[in-house]
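The values are calculated or read from the model by the stated rules, or taken from the named source; none is laboratory data. Everything numeric in this text was worked out from a predicted model, so none of it was measured. Here the Cβ is made from the backbone with ideal geometry for all residues, glycine too, and neighbour counts use every protein chain on show.
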Amino acid sequence: MLQCDLFFTHFWSFHALHFLSLQNTTSHSLYHHIHFSFLLRPRKEEGMANTSLSSVAAAIVVLLVSCGILIQECEGQGQGQQPKALPPAGETCNGIFISYDFLKRTKEYPHVKNVTAQSWAFSSTASVLNTGKEVFKAWKLFIEFQHDEILVSVSGGNIEEATEFPASVGNGTTFVGASQPDLDSAINTAQDLTQIQAVIDLTGTQFGVKPPTVPMPKTIKLVNDGYKCPKPTTHKSSMYACCKKDPKAKISVAKKTKFLARQKGDLLISYDVTQVYDDNYLVQVTMDNEHFLGRLDHWNLTWEWTRGEFIYSMKGAFTREIEPLGCINGEAGKYYAGLDFSKVLNCQKNPIVSDLPSEKYNDSELGKIPNCCKDGNLLPILMDPSKSKSTFTMQVYKIPPDLNKTAIYPPEKWQITGILNPHYRCGLPRRVEPVRFPDPRGLEAEVIAISSWQIVCTITKPTRRNTRCCVSFSSYYNDSVVPCNTCACGCDSTKTKKCNPNSPAMLLPAEALLIPFENRSAKTVAWAKMKHFTIPKRLPCGDNCGVSINWHVVSDYKGGWSARITMFNWMTTQFENWFTALQFKKTPRGYQATYSFNATTIPKLNHTIFLQGFLGANYLIALDNKSNPHVPGKQQSVISFTKKYSPNIKIAKGDGFPSKVIFNGEECSLPTRFPVKSGNQPNLVVDLAYQLLFFALAFIITQVL
């Protein structure tokens, strides 16, 4: 493309100079030179002035025609600046035609010799075209990227998970409609492409594929229920397929409605408009915890306004910052010139909302909203159904051009976080059937919301070194503790000069679990010397977790076994109504009893053991940082198991250790090894086998000799 631009520049310069030289030529020679005498017929009486004017007109025509041809040639070169025309397969498709076109790429900094590590900036487009007879509702296009792609901008659609940019999509992602979730048919629109087609423009970075190889995705397909897509056809830098309705698909027949069906999720947020005016509306936001092990403590909720809206007032919750400057200095300040913005609650594009404390529930100005004011706690239904829902209301003001009662756009990019809770990924708002509320007057009637949107949030598995709790393993048959993994909850790169973030954690004496990691070095080194363990030159870094849990196998006998669980709180925040969940691979049905905690099993979740404190003892207190060394808050109990349902389990080989540990909804990091049966507790079975083998070899040798 660069060569084309340079050629175009030289071409323009040449014709400009040639045009100047032509000003001194005669009319006849000019016409003969450019062969446009049929355009220029100056009358004799107009003389030389008209001749000069004709010369200018002729030169301009030449330049315009030549430049038009040249621009077409330039745009057709390189790696393609425009997506290609619809292939023949699209013309004959009677269904939904999907396509992906790779447009261009540019080598990014830094330039490295390793091909797989070299990054490239790329541009591409994807499209969904309705070539069928029916309206295509809520389209969903899955693109399975395979070159560690990172998207930095998307237009014409949204990532379904509503991920912030830059978004890592190396394993593929699903795109949904933003302003155009439904695609009408050509029959209904006289084939208006703006109504029957969605075009998604993608810009991002990819790795490892250098020219002339074209970095295409592995596949593309629709993920809408009831549609089936064949393997896509790939031709040069294009990939396409014709998706059709699957006649064998079993789809539940629902009543016809203009709304989308409600979906299930781990956390459901409902955005229900209850009152509307031309320039503002009242909305109720409700959060429902639907997961058995999902939880939020002191939640913070945020979103992004897309149409310049601002929050005038709020009940049942509060914004972390009271900020009117965004309105005063923006479009809202121009339109609402007479409004007292000192009374406006928040004008930020991304406000942060938190729950009110419980003592504000009866406050006539801030509270008196059902299911509000719970100190930001959303508990599982299993623990307390009354604390599994949270609600607040707010008055939202709009700006032009959305000044009518029906122009309501819910915010996007919803996110919710807690102190030590699972990671939630929230999708885009989905227009659903309006919610029905009980009549506040106490009558047997229902109040129907004006409009409703649903936001579905799901719990994601924490990535390596991105959790906030960890587990250590120990046992009666080994006096060394397998500690939490190095940097289990992340490591600050500015603090890793004195420790090794990539070195495996060193075995510890049991008493070292009771002191903070920064005070363990001496005990760890002394223990390694006594046990003749290898001591690295640079000791491994700590786990940096706010909560650590020790699982200690206490006994192992013919009919059963037992273990002790201890929780340590290294944070300055206490945990009220805490819970811990345990899952085992080979002993899911062996649970018998817990002696210091309230416990139950959840058969639907692989017989998960659900532990929580008794009433009055349900606090995991905070770290005591006044003592030296600091003393963590602790809770402990013994748990017994039977071998009735799994008589052949091997406790010492890992069957006696949990395969998943969850604290307050957060999945904890587990060690990658187990305590071995050695040290002060020898493995008698192994020793006896060695003795028998020794005597057998001795007998064979004597017989041979």
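A few comments on the model shown:
- When the strands (runs of 3 or more DSSP E) confined to the range 110-166 are screened for residues that are acidic (Asp, Glu) and free of Cβ contacts under 8 Å to residues at least 12 places away in the same chain, none reaches at least 3 such residues.
- For Ser452, the conditions (1) assigned to a loop (DSSP other than H, G, I, E, B); (2) in the same structural domain as Tyr271 (by TED's automatic domain parsing) are fulfilled apart from (1).
- Count - residues of the range 179-190 that are part of a loop (DSSP other than H, G, I, E, B) and either free of Cβ contacts under 8 Å to residues at least 24 places away in the same chain or more than 21 Å from the chain's Cα centre (by Cα) (or both): 6
- Screening the candidates Asp272, Asp266 for the property of being within 21 Å of the chain's Cα centre (by Cα) and crowded, with 17+ Cβ neighbours inside 10 Å yields one hit, Asp266.
- Taken over the range 517-550, the criterion of being part of a loop (DSSP other than H, G, I, E, B) and either within 15 Å of Pro501 (Cα to Cα) or among the hydrophobic types (A, V, I, L, M, F, W, C) (or both) is satisfied by Phe533, Ile535, Pro536, Lys537, Arg538, Leu539, Cys541, Gly542, Asp543, Asn544, Cys545.
- Criterion: surrounded by 13 or more Cβ atoms within 10 Å (Cβ to Cβ) and at pLDDT 95 or above - qualifying residue of Asn519, Asn544, Asn550, Asn500: Asn550
- Residues that are basic (Lys, Arg) and in a strand (DSSP E or B) within the range 199-226 comprise just one, Lys221.
Here's the yes/no breakdown for (1) in contact (Cβ under 8 Å) with a residue 60 or more places away in the chain; (2) farther than 19 Å from Phe517 by Cα:
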| site | (1), (2) |
| --- | --- |
| Thr573 | yes, no |
| Gln592 | no, yes |
| Lys604 | yes, yes |
| Gly613 | no, yes |
| Gln636 | yes, yes |
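- Output for the range 565-601, where each listed residue is surrounded by 18 or more Cβ atoms within 10 Å (Cβ to Cβ), modelled with pLDDT under 90 and in contact with a His (Cβ under 8 Å, 6 or more places away or on another chain): Pro588
- Test: residue in the range 195-211 that is without any contact (Cβ under 8 Å) to a residue 40 or more places away in the chain and out of contact with any strand residue (DSSP E or B) (no Cβ under 9 Å at 6 or more places or on another chain): no
- Odd one out for Asp278 among (1) more than 27 Å from the chain's Cα centre (by Cα); (2) of a type in the set (Asp, Glu); (3) surrounded by 15 or more Cβ atoms within 10 Å (Cβ to Cβ): (3)
- The residue of the range 156-173 that is farthest from Arg425 (Cα to Cα), among those that are modelled with pLDDT of 85 or more and crowded, with 17+ Cβ neighbours inside 10 Å, is Gly156.
- Qualifying positions in the range 602-640 - surrounded by 15 or more Cβ atoms within 10 Å (Cβ to Cβ) and of a type outside the set (A, V, I, L, M, F, W, C): His607, Thr608, Gln612, Gly613, Asn618, Tyr619, His630, Pro632, Gly633, Gln635, Ser637, Ser640
- Residue in the range 238-251 that is farther than 18 Å from Pro87 by Cβ, of a type outside the set (Lys, Arg) and either free of Cβ contacts under 8 Å to residues at least 12 places away in the same chain or part of a strand (DSSP E or B) (or both) present: yes
- Residue count, the range 370-395 (criterion: surrounded by fewer than 21 Cβ atoms within 10 Å (Cβ to Cβ), β-branched (Val, Ile, Thr) and modelled with pLDDT of 95 or more): 1
- Filtered residues of the range 240-283 (kept if aliphatic (A, V, I, L, M) and modelled with pLDDT of 95 or more): Ala241, Leu267, Leu268, Ile269, Val273, Val276, Leu282, Val283
- Filtered residue count, the range 337-364, keeping only those that are touching a residue at least 12 places away in the same chain (Cβ under 8 Å), assigned to a loop (DSSP other than H, G, I, E, B) and among the charged types (D, E, K, R): 1
- Residue list for the range 290-317, filter: closer than 30 Å to Val661 by Cα and not in a loop (DSSP other than H, G, I, E, B): Leu296, Asn300, Leu301, Thr302
- Under the condition of being under 16 Å from Phe102 (Cα atoms) and surrounded by 20 or more Cβ atoms within 10 Å (Cβ to Cβ), the residues counted in the range 174-217 number 7.
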